[in-house]
Amino acid sequence: MVQVAMSFINEAPDQDKKLSLIETLRTVTEGKIFVEVERARVTRILSDMKKEQGDLNAAADILCELQVETFGSMHRREKTEFILEQVALCIEKGDWTQAGILSRKIGIKYFSRKPKRTPEQIEKDKKEREEKEKNRSSDDPPLEPEDDVTDLKLRYYEQQITLAKHEDKYLDACKHYRQVLDTESVEETPEQLHAVLQRVIYYILLAPHDNEQSDLLHRINADPRNFLVPEEKELLKTFTIPELMRWPIVSEHFGPHLCSTDVFSASEDQQDPKAYTRWQDLRKRVIEHNVRVIAKYYTRIQMHRLTQLLDLDEEETESYISSLVTAKTVYAKIDRPARVVTFAKTRDADEVLNEWSGSMKSLLGLLERIDHLITKEEMMARIQPETAIKAH
């Protein structure tokens, strides 16, 4: 019945007649589980028509009311396409919260890269599917067809990257770009591979420092494909070395190249205001890196010397140190009257005694190990002459 009605809709002479037929069909099929898939497809047609008419809110409301993830008779690919369309409409409408909620309905395991199969494995899997299809009862859901979901994967992660960029979640954006990087079609296309490698490095550098970011930073630095993006590789390496980076030099050396991309902008760009924000965030990451390096090598330092090393004034220096102390990235205390910053944590007598006790225990363990090795060598030296005499 639904298929017959669809043929009438396609043959309708004008748009108003089509809308009337679709609304009638949706009303008739409402609540009927056995035609839920057909009703969903009709609803998608209605949403597309509303979007073409410029009524984006109505298009999103109509399509987002569908809970396609509960449809047992719909193939997974079609479900994913429906949800991706729902997310796209929410993003276009500016409803970022709803877009994030809807995107979590998609399981990312569906996009996992499948290992290459030999012809024997393909033939074996084909026979197994035929056997399953033969034994499947009418109540069981249909078997999922084996198809390539690369297009869905790239579309999904494109949306996730858009959501992450909107909320300035740089670490999430980096992870999503790494998933895009792990795609055969991207690896085989030099232009796409180059662009994705660049953005993986950009967003890991923009992410605030913590244990997860530091671990991912070093893993990305070890990627052998980084030679394709030499300037980004050089910038990445500077963040892995415990040495100071002066922002004026970094800006002069890397700035023109970075700002030639759509990720950064040294001035406020009307097309993408976030590009300037990301440029300022990169400056913050460079300064925070310098503060961590100074905290590693200094226990106490004069404020005027610290401002010279960071290329900042005192107010900005205090602000950055305070933010890093609040995030528990470094330990620091500022003595304003003495104009001294202390990075070494004050230890009480118990802590010093415990450290000394641990060091002594380690030293005695090493001595015991050395004594054991010396005894072993002496025994071997006594055995060797006896073995030589017996041989003669």
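Nothing in this text is a laboratory measurement; each read-out follows from the coordinates by a stated rule. As the structure is a prediction and not an experimental result, all values here were calculated from the model. Neighbour counts run over all protein chains shown; Cβ positions are idealised from the backbone, glycine included.
Report the one residue of Q179, F254, V293 whose Cα lies farthest in the direction of the positive end of the charge dipole of the chain (charges on C-beta: Lys and Arg +1, Asp and Glu -1; origin at the Cα centre).
Final value for the positive-end residue is V293.
Hey, what do the phi angles of the range 227-243 turn into as Karplus ³J(HN,Hα) couplings, whole Hz, using 6.51/-1.76/1.60 and θ = phi - 60°, x for Gly and Pro?
5, 6, 10, x, 5, 5, 4, 5, 5, 4, 5, 4, 7, 8, 9, x, 10
Cα axis of helix 247-259 to longest principal axis of the chain: angle in degrees, 0 to 90, nearest 10?
The answer is roughly 20 degrees.
Using the per-residue mean of other Cβ atoms lying within 10 Å as a proxy for protection, in what order, highest first, do the peptides 100-106, 219-225 fall?
On the way: 100-106: 16.7, 219-225: 13.0.
With the highest mean Cβ count within 10 Å placed first, the list reads 100-106, 219-225.
Over every pair of different alpha-carbon atoms in the chain, take the mean of 1/r and invert it; report that Kirkwood radius in Å.
Details: mean 1/r = 0.0366 Å⁻¹.
Evaluated on the chain, it is 27.4 Å.
Return the inverse of the average 1/r over all pairs of distinct C-alpha atoms in the range 151-220, which is the Kirkwood hydrodynamic radius, in Å to one decimal. Intermediate values should be presented prior to the final figure.
On the way: mean 1/r = 0.0819 Å⁻¹.
It is 12.2 Å.
What whole number of Å gives the distance from the Cα centroid of the range 304-355 to the Cα centroid of the range 244-275?
Each part's Cα centre sits 29 Å from the other's.
Based on Cβ point charges of +1 for Lys and Arg and -1 for Asp and Glu, what charge dipole magnitude is obtained for the chain about its Cα centre, in debye rounded to the nearest 20? Don't jump to the answer; show the numbers that get you there.
Details: 59 positive and 72 negative charges, 225 e Å.
Dipole about the Cα centre, nearest 20: 1080 debye.
Pairs of Cα atoms under 8 Å, at least six residues apart: use those to get the relative contact order of the chain, whole percent. It would help to have the intermediate numbers written out before the result.
Values: 297 pairs, mean separation 27.5, N = 392.
That works out to 7 percent.
For a footprinting-style exposure proxy, rank V200, V37 by other Cβ within 10 Å, fewest first.
Values: V200 26, V37 18.
Sorted ascending by nearby Cβ count, the order is V37, V200.
If you rank H166, H372 by fewest surrounding Cβ atoms within 10 Å, what's the result? Could you put the intermediate results ahead of the total?
Numbers: H166 14, H372 10.
Arranged by neighbour count, lowest to highest, H166, H372 become H372, H166.
Compute a Gaussian network model of the chain, connecting alpha carbons closer than 10 Å, and tell me which residue from L228, L66, L19 fluctuates the most.
Of L228, L66, L19, the Gaussian network model singles out L19 as fluctuating most.
Work out how much length D55 to T240 would gain on full extension: take 0.36 nm times their residue separation and subtract the Cα-Cα distance, in nm to one decimal.
Working: separation 185, 0.36 × 185 = 66.60 nm, distance 5.01 nm.
Here the segment from D55 to T240 would lengthen by 61.6 nm.
Tell me, what ³J(HN,Hα) does each residue in the range 353-367 have, in order and in whole Hz, if you take phi through Karplus 6.51 cos²θ - 1.76 cosθ + 1.60 with θ = phi - 60° and put x for Gly and Pro?
Those phi angles translate into 5, 5, 5, 4, 4, x, 5, 5, 4, 5, 5, 5, x, 5, 4 Hz.
Spin-label point model (7 Å from Cα, Cβ direction): what's the E69 to R339 distance in nm?
According to this spin-label approximation, the distance is 5.9 nm.
Enter the angle in degrees (range 0 to 90, nearest 10) between the Cα long axis of helix 15-29 and the first principal axis of the Cα atoms of the chain, meaning the one along which they spread out most.
Helix 15-29 sits at roughly 80 degrees to that axis.
For the pair K328/E92, report the inter-label distance in nm, with labels modelled 7 Å from Cα in the Cβ direction.
In this crude spin-label approximation the distance works out to 4.5 nm.
Taking all pairs of distinct Cα atoms, average 1/r, flip it, and tell me the Kirkwood hydrodynamic radius of the range 199-275 in Å to one decimal place. Please report the intermediate quantities before stating the final value.
Numbers: mean 1/r = 0.0740 Å⁻¹.
Every distinct Cα pair counted, the radius reaches 13.5 Å.
List every residue whose amide H lies under 5 Å from the amide H of V340, counting only residues 5 or more places away in sequence or on a different chain, with H placed 1.01 Å from N in the peptide plane.
M303, D335
Could you quote the convex hull projected area for the range 275-392, Cα atoms only and averaged over all directions, in nm²?
Numbers: hull surface 59.7 nm².
About 14.9 nm², averaged over all directions.
Going by how many other beta carbons lie within 10 Å of each one, how would you line up W96, W247, fewest first?
Numbers: W96 14, W247 17.
With the sparsest Cβ surroundings first, the list reads W96, W247.
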